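Taking it in order: structure first as structure tokens, then the write-up.
Any read-out appearing in this document is the output of simple, stated calculations on the displayed coordinates, not a laboratory observation. Since we're looking at a predicted model, the values are computed, not measured. No Cβ is skipped: glycine too gets one built from the backbone with ideal geometry, and neighbour counts run over all protein chains shown.
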Amino acid sequence: MGGSGSVGAVSEGLWGAVGVWVQRECGGGRGPFKWRCRALPAHSGSGLADVKAFRCLRRSPESAAWARRFALPCAPGGSALPGEGRLRLRLRPAACSCGSGGRAGRAGGMEAEEARCRVLSIQSHVVCGYVGNKAASFPLQVLGFEVDPVNSVQFSNHTGYAHWKGQMLNSDELHELYEGLKLNNVNHYDYVLTGYTRDASFLATVVDIVQELKLQNSDLVYVCDPVMGDKWKGEGSMYVPKELLPVYRDRVVPVADIITPNQFEAELLTGRKIHTEKEALEVMDMLHAMGPETVVITSSDLQGSLGSDFLIALGSQRKTRADGTKVTQRIRMESPKVDADFVGTGDLFAAMLLAWTHKHPNNLKVACEKTVSAMQHVLQRTIKCAKAHAGKGNKPSPAQLELRMVQSKKDIENPEIIIKATEL
């Protein structure tokens, strides 16, 4: 499709979608149907086009409504005669359009088959509960994204339970799934989101897929949560095989656009320990130099101004201006700690950060405020329900601590800002 000057040549596939839309929305699928479309010059870059839809209609209430809607000539009795309807559609180059503040933005007027923002999410899956794709897909869909999940593992439940059963996807099987998408020409994405995996060859295949997708869409954004380990009582420990570290450091991070490590993972990736906020900012600069434009250290043991009962998160976004100069926005957030062992919070965080940075691409402060505030709403609802089910004085079980995701739909969709970010 053309750019700002004119609509230009429009693919046959898009016009086919237009015809399907007109038939579905206006004709109810009844009677013989013919249509044709003509692209007109855009006005001031608006990308408007006329679609002329011709339809032979049977006598029915639907046909009369269709005629009134598009001012078709009507025969006595209210049925529409074969005639011509015209609707105006806004067209634009192939880019995602979910969310009014996104990189493409939502077009005004009617859209025949709205260009959808698609996310390829390669993460774990559980039948019961919310981790991995189960934690990421719902909030992304609520916020207007199409999600294509690839399940790196399929377990009955997360491994915090006493028992779990399931299967793991290997690198060959991942490649086979992706080849199926390619053969059907549906491997077109605006985002890739990845989380927990335990296999180095699987992770290397993910990198190959991301690189191929970036070749066909230079605007694709890769959001990576480099899940490797965490700190307990001040001591860091990896809970994935050690051979994943060089793959993340040397292959994954350089192709990632947004990364969401915790403090321990940021230290692993850079080989630098973090004791102060200044050192954390230096580590984020090192991560920027490795490739990512946006770095968010989701949790740390740094001491904040509000005391030890608050968790410190730090964010840094480095943008390149048109003149080649770089500008960096840095933020700090302090959110109250919740005394419980939640699972899936990192997956939820990365998914919502993807969504809110898409909707606020040049304002990391707002994107992080909405992400962390929504997280707090979900966690507070979860712990309240878990304690109520466990009973007074009892520790909630893993099942009782499963994230209350569906119950938090409104908070995910439109979070009240209860956690403010400070610009550094």
Residues in the stretch 174-201 reached by a label modelled at LEU215 [backbone nitrogen below 20 Å; 7 Å Cα→Cβ]: 174-193
Amide hydrogen neighbours beyond the local backbone of TYR222, cut-off 5 Å, H modeled: VAL192, ASP257, ILE258
Derived scalar couplings ³J(HN,Hα) [the stretch 270-286; Karplus, 6.51 cos²θ - 1.76 cosθ + 1.60; whole Hz; x for Gly, Pro]: 9, x, 10, 7, 10, 10, 9, 4, 4, 5, 5, 5, 5, 5, 5, 5, 5
Whole-Hz couplings from phi, Karplus 6.51/-1.76/1.60, listed for the stretch 119-127; x for Gly and Pro: 10, 9, 10, 10, 8, 6, 9, 10, 5
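How would the stretch 118-423 be classified by its alpha-carbon gyration tensor: rounded, prolate or oblate, with rounded meaning a/c under 1.5 and the a/b versus b/c comparison settling the rest?
On the way: a/c = 1.39, a/b = 1.08, b/c = 1.29.
Judged from the Cα gyration tensor, the stretch 118-423 comes out rounded (a/c under 1.5).
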Zone of GLU243's modelled label, taken as backbone nitrogen in the stretch 158-184 under 15 Å from a point 7 Å along Cα→Cβ: 170-172
Farthest toward positive dipole pole in the stretch 118-423 [+1 Lys/Arg, -1 Asp/Glu at C-beta], among ALA200, GLY160, MET375: MET375
Separation in nanometres of the label points that stand 7 Å from Cα toward Cβ, at ASP285 and ASP208: 3.8 nm
For the stretch 296-309, 3J(HN,Hα) per residue [Karplus equation, 6.51 cos²θ - 1.76 cosθ + 1.60, θ = phi - 60°, Hz, x = Gly/Pro]: 10, 7, 6, 7, 8, 9, 5, 8, x, 5, 8, x, 6, 7
Potential lengthening between THR325 and LYS384 on full extension [0.36 nm per residue; Cα-Cα distance subtracted]: 16.4 nm
Amide hydrogen neighbours beyond the local backbone of TYR196, cut-off 5 Å, H modeled: SER124
Added length on full extension, which subtracts the Cα-Cα distance from 0.36 nm per residue, SER397 to ASP339: 19.6 nm
Under 5 Å, built H, 5+ apart or other chain: amide partners of LEU401: none
